[in-house]
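Single-structure report; data block below.
The values are calculated or read from the model by the stated rules, or taken from the named source; none is laboratory data. What you see is a predicted model, and the numbers here were worked out from it, not measured in a lab. Here Cβ is always computed from backbone atoms with ideal geometry, including for glycine, and neighbour counts include all displayed protein chains. The protein model used for the area step is the full one, side chains on, heavy atoms only, and it has no ligands, DNA or RNA in it. Shrake-Rupley method; radii C 1.70, N 1.55, O 1.52, S 1.80 Å.
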Amino acid sequence: MPKAELCYFPGSPYARMARVLIAEWSLPITPVEWSFPPLDDLFRLNPLGQVPALVEGDKALFPTFLILERLWDVAGRPDDGYRPEDERQILLTTLQAGDAMVAAFYQDWCGLRPVATNHIGYDLGARHLRRFAETLDWLEDHASAGRLRPGVTLPGVAAACLLLWSEARGGPDWGGRERLWSLVRSLEDRPSFQATVPQVWSPG
Ligand SMILES: N[C@@H](CCC(=O)N[C@@H](CS)C(=O)NCC(=O)O)C(=O)O
């Protein structure tokens, strides 16, 4: 592959997924740290202004879903890492649930509160967190049925990075989901996870 770099923020759970896989599969991709809050330059790389972005030659790949599938490709498509026919839905839904969870946190950290009539009626932050919690229950069911496999898989790494980020940022308790819990705890001890722990941060 051409010279490849992965752009990341140290605290990003999405970039962490890619950094973990690069380490696990010894991929020839150099992680490059970008500053946070993001510089405008990031929009030139990714019109969404987000990390991760995987730069190969003059091409930048995003979002995380496509990057993770690309890393699996570069690794030689190991079966124990991903079975797209069975796991693509789990991976994509997990990533989208993570977007909702992160949005709930950011809304809070940006100090946003209602300033006008709520025409929909639900609390947006609570709704985002509910999406995430429901997805965790759904993942637990998949784990019980053997569809979310233990070990280093794309969906497992994605779920673990999101949950560990939520824990590190004081998110809601997610215990009581035994299989998911043991999956995350066993991944957490691996050197690839230990080397990519999000830096300590709290608002204010
Ligand atoms: N849906 C995106 C999520 C990526 C994301 O949320 N990136 C965050 C860091 S974890 C980011 O770059 N935030 C900066 C911003 O949105 O301004 C993906 O799958 O890549």
Can we say H128 is over 15 Å from the mean Cα position of the chain (by Cα) and within 25 Å of L21 (Cα to Cα)? no
Looking at Y106, Y14, which is the one that is part of a helix (DSSP H, G or I), among the aromatic types (F, W, Y), closer than 26 Å to G170 by Cβ and free of Cβ contacts under 8 Å to residues at least 60 places away in the same chain? Y106
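In the set L91, L129, which member is away from the ligand (no atom under 15 Å from the Cβ) and assigned to a helix (DSSP H, G or I)?
Values: L91 fails: away from the ligand (no atom under 15 Å from the Cβ).
Going through L91, L129 in turn, the sole match is L129.
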Identify, by number, the condition in (1) farther than 19 Å from G171 by Cβ; (2) part of a loop (DSSP other than H, G, I, E, B) that L71 doesn't meet. (2)
Could you grab me the full set of residues in region 66-87 that are within 14 Å of the ligand (Cβ to nearest atom), open to solvent by 30 Å² or more (accessible area, probe 1.4 Å) and either touching a residue at least 60 places away in the same chain (Cβ under 8 Å) or within 11 Å of P155 (Cα to Cα) (or both)? E69
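Quick one: is A4 within 16 Å of the ligand (Cβ to nearest atom) and either open to solvent by less than 70 Å² (accessible area, probe 1.4 Å) or outside the structural domain of T135 (by TED's automatic domain parsing) (or both)?
Details: within 16 Å of the ligand (Cβ to nearest atom): no; either open to solvent by less than 70 Å² (accessible area, probe 1.4 Å) or outside the structural domain of T135 (by TED's automatic domain parsing) (or both): yes.
No.
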Tell me whether region 23-42 contains one or more residues that are exposed (fewer than 12 other Cβ atoms within 10 Å of the Cβ), farther than 23 Å from L162 by Cβ, among the β-branched types (V, I, T) and modelled with pLDDT of 95 or more. yes
Among the residues of region 181-196, is there at least one that is in contact with a helix residue (DSSP H, G or I) (Cβ under 9 Å, 6 or more places away or on another chain), assigned to a loop (DSSP other than H, G, I, E, B) and within 16 Å of the ligand (Cβ to nearest atom)? yes
